[in-house]
1. Return yes when residue 12 is assigned to a helix (DSSP H, G or I) and buried (at least 17 other Cβ atoms within 10 Å of the Cβ) and no when it is not.
2. Could you look through region 20-41, keep only residues that are assigned to a loop (DSSP other than H, G, I, E, B) and without any contact (Cβ under 8 Å) to a residue 40 or more places away in the chain, and pick out the one that is surrounded by the most Cβ atoms within 10 Å (Cβ to Cβ)?
3. Considering only residues that are more than 10 Å from the chain's Cα centre (by Cα) and either part of a strand (DSSP E or B) or surrounded by 10 or more Cβ atoms within 10 Å (Cβ to Cβ) (or both), which ones fall in region 42-63?
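Just so you know, all these numbers are worked out from the coordinates, no wet-lab data involved. Quantities reported herein were computed from a predicted structural model and do not represent experimental measurements. Note that each Cβ is placed from the backbone with ideal geometry, even for glycine, and that neighbours are counted across all protein chains shown.
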């Protein structure tokens, strides 16, 4: 039997809590969405950081223009910090007050 191993780096947790804290400060109560960036090798997943994704609560769609800008920014910035070129989107997250599945 094969098991799945997930390692969540502190930076990813910090990014998500920062996004949530900024939303609380702005009194935004909608859903917050983001992408988990890392490496997957077989059943082992390592999550290094996150990208916030603009989400429209009325249409339940993500803003693809903003996402493209964030992806372009990330591809320029992450290598400057010694990031692995093998990074990819390995998942997503969603947080907010009074969320339902």
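1. yes
2. Looking at residues that are assigned to a loop (DSSP other than H, G, I, E, B) and without any contact (Cβ under 8 Å) to a residue 40 or more places away in the chain, I get 28.
3. 43, 44, 45, 46, 54, 55, 56, 57, 61, 62, 63
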